[in-house]
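Chemist: The following block contains the structure, expressed as structure tokens.
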Amino acid sequence: MENETELNDTAQVNTESEASPETPGISKRKKLILIIVCIIIVIGLIVGAGALVAFKIVKLNHPTGIKGADVSKYQGEIDWSVLSESIEFVFIKATEGSSHTDQCYEANRSGALASGLPMGAYHFFSYDSPGATQAENFIKTADLVSGMLPPVMDIEFYGDYYLKPKPAEEAGPEIAAMIDALESEYGTKPIVYCNSTTLRLYSDYFEGCPIWIRDVYKYPVGVKWTFWQYSDTEMLDGYHGEEKYIDMNVFSGTYEELEALKIK
């Protein structure tokens, strides 16, 4: 019986020895599967994180500094005594193109001034009408006076211009014409609100203008900005309109520098 046991043990050792060359092969397959699974998980995490940022569920922009809002008719009726508790300056939409005026501008202008907020007005620039007549529309509507923040030209895309932007050689002279008219009227360059694309296309015509850059996903790199629109999904108390969100911005300087920026 003892000899039988020894023979069985020897046979088992031989069997294990014969099987051992296959073990590395099995290990490699397992490693490959593990690597593939890990890659899929990493890709899933990256895509998921990107989606959270893209849909603004997760916000990366949390700047510190002097913060303010920009508003239009879409915020509806505003209780400025309440909203002013959450912001330190405001820009209000006044006009668009050569003839349109924001229906809430007059009430918003009065309310903002009564609240004591530093206030300015902005014009949504149209690629379909002359810069000079757009300036006229803004000047007669905005009623900006000494002590208010400079006028703002909002230069972004709309309609078909998203896919086919107006060439700089066509849009540029009209942008420049409006800038010149506003500077002549107020004694200061207007602030230019833009995104990275309009800045790239038309920046040659923005010379000397303070830049208000829109980047709601990240810190604007490579741009010397005066104002930065860092969010378009904030929710504050004090307004009741069809748009539940409000745009938020931060000023690059100090309170003294904000004061110095005002129309003289």
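The values are calculated or read from the model by the stated rules, or taken from the named source; none is laboratory data. Computed from a predicted model, the values in this text were never measured in an experiment. Using ideal geometry, Cβ is built from the backbone for each residue, glycine included, and neighbour counts are taken over all protein chains shown.
Chemist: Can you go through 149, 144 and tell me which one is among the aliphatic types (A, V, I, L, M), in contact (Cβ under 8 Å) with a residue 60 or more places away in the chain and closer than 13 Å to residue 185 by Cβ?
Modeler: Working: 149 fails: closer than 13 Å to residue 185 by Cβ.
It is 144.
Chemist: A further question on this structure: Against the condition touching a His at 6+ places or on another chain (Cβ under 6 Å), closer than 24 Å to residue 240 by Cα and in the same structural domain as residue 76 (by TED's automatic domain parsing), how does residue 95 come out, does it pass?
Modeler: On the way: touching a His at 6+ places or on another chain (Cβ under 6 Å): yes; closer than 24 Å to residue 240 by Cα: yes; in the same structural domain as residue 76 (by TED's automatic domain parsing): yes.
In short, yes.
Chemist: Suppose we filter 219, 202, 161 for residues that are over 24 Å from residue 97 (Cβ atoms), hydroxyl-bearing (Ser, Thr, Tyr), under 21 Å from the mean Cα position of the chain (by Cα) and outside any strand (DSSP E or B); which single one remains?
Modeler: Numbers: 202 fails: over 24 Å from residue 97 (Cβ atoms); 161 fails: over 24 Å from residue 97 (Cβ atoms).
None of the other options fit; the residue is 219.
Listed here are the residues, each with its yes/no results for (1) in a loop (DSSP other than H, G, I, E, B); (2) surrounded by 15 or more Cβ atoms within 10 Å (Cβ to Cβ); (3) modelled with pLDDT under 95.
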residue: 86; (1), (2), (3): yes, yes, no
residue: 91; (1), (2), (3): no, yes, no
residue: 94; (1), (2), (3): no, yes, no
residue: 98; (1), (2), (3): yes, yes, no
residue: 103; (1), (2), (3): yes, no, no
residue: 112; (1), (2), (3): no, yes, no
residue: 120; (1), (2), (3): no, yes, no
residue: 128; (1), (2), (3): yes, no, no
